[in-house]
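A.B. asks: Got a structure for you, questions after.
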Amino acid sequence: MILASMAFTPPAYLMPEPERTAPISSPQTSADGAEESSDQESIRLMLRVKEGDVKAFERLVEMHQNAIVGTCARMLNNIEDAHDIAQQVFIRVWRSAPRYEATAKFTTWLYTITRNLVFNETRRRSRRKEVSMEQENEDDPPKYFADHSTPGADHITQQTELEQALDKAIASLPEKQRIAVVMRRHQDLPYEDICAVLKMSLPAVKSLLFRARTELRKHLAAHLGEDVD
């Protein structure tokens with residue numbers, strides 16, 4: 001598991017090293033019924049975490065870590081920074097547990113925490129003028145950002161080049177456009193969830209995504225001749 005391999009070092013009582021289990025699909029990629037069931041399971045686990053259940057917390061991390069690390073990676077364009085922010089997200093989940101109330105979808109609450117921490121990081125970078133588009137290198141392999149099958153070598157090469165171009169194009173978007181595209185395109189969140197995370201109306205979110213896709217098409221003109229969604 002990705003998070004288990006991170007330098008995730010809160011006190012031992014906070015989060016012991018999770019047991020390695022079979023990979024768990026992100027709940028956002030399931031069918032509607034399965035998605036609802038998964039979110040209900042997340043809420044049930046979080047209510048146990050509220051009571052101090054560490055095992056329930058480990059299970060929540062296993063269920064959602066890949067999606068959160070992937071979102072942070074696409075937002076920050078750096079896998080190490082993505083690991084750091086994802087670590088902070090789950091620490092925040094644990095520390096917020098005593099005040100948690102199941103008034104919304106768990107994924108909406110989780111992505112709201114992620115949004116806040118990612119935006120804080122991008123603004124910190126901006127203040128320190130540390131934003132760099134040149135950090136996509138061999139240390140940040142595309143496999144962290146895309147889930148490829150294993151077709152022929154030519155197709156893999158073309159797909160890798162396309163993913164790299166797309167990552168760079170997404171990284172150039174303003175932060176709200178960027179996270180909206182990541183949540184919609186890569187995590188398959190429903191529009192309603194994106195509205196809740198960004199605290200925007202449905203028409204505003206659709207307009208935001210339209211502007212973002214228009215910009216992405218311009219960046220990807222040499223690679224794509226179709227909709228990027």
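The values are calculated or read from the model by the stated rules, or taken from the named source; none is laboratory data. Treat the numbers as computed from the prediction; the structure is a model and nothing was measured. A quick note on method: Cβ atoms are made from the backbone with ideal geometry, for glycine too, and the neighbour counts reach across all protein chains shown.
A.B. asks: In segment 87-117, which residues are over 19 Å from the mean Cα position of the chain (by Cα) and surrounded by 14 or more Cβ atoms within 10 Å (Cβ to Cβ)?
C.D. replies: If the condition is that a residue be over 19 Å from the mean Cα position of the chain (by Cα) and surrounded by 14 or more Cβ atoms within 10 Å (Cβ to Cβ), then SER96, ALA97, TYR100, ALA102 are the ones that fit.
A.B. asks: Is there any pair linking a residue in segment 183-194 that is under 12 Å from TYR111 (Cα atoms) and at pLDDT 90 or above to one that is of a type in the set (A, V, I, L, M, F, W, C) and outside any helix (DSSP H, G or I), with Cβ under 7 Å and at least six apart or on different chains, and which?
C.D. replies: As it stands, the answer is MET183/LEU189, since those pairs meet every condition given.
A.B. asks: Can you tell me which residue among GLU136, GLU121, GLU101, GLU161 is modelled with pLDDT under 70 and among the charged types (D, E, K, R)?
C.D. replies: GLU136
A.B. asks: How many of the residues making up segment 76-115 are within 22 Å of LEU47 (Cβ to Cβ) and of a type outside the set (D, E, K, R)?
C.D. replies: Result for segment 76-115: 21.
A.B. asks: Oh, and also: Does VAL69 meet the test of being in contact with a His (Cβ under 7 Å, 6 or more places away or on another chain), assigned to a helix (DSSP H, G or I) and of a type in the set (A, V, I, L, M)?
C.D. replies: Judged against the criteria, VAL69 is a match.
A.B. asks: If you don't mind, another one. Within segment 75-105, work out how many residues are assigned to a helix (DSSP H, G or I) and out of contact with any Phe, Trp or Tyr (no Cβ under 7 Å at 6 or more places or on another chain).
C.D. replies: Residues flagged as assigned to a helix (DSSP H, G or I) and out of contact with any Phe, Trp or Tyr (no Cβ under 7 Å at 6 or more places or on another chain) within segment 75-105 amount to 20.
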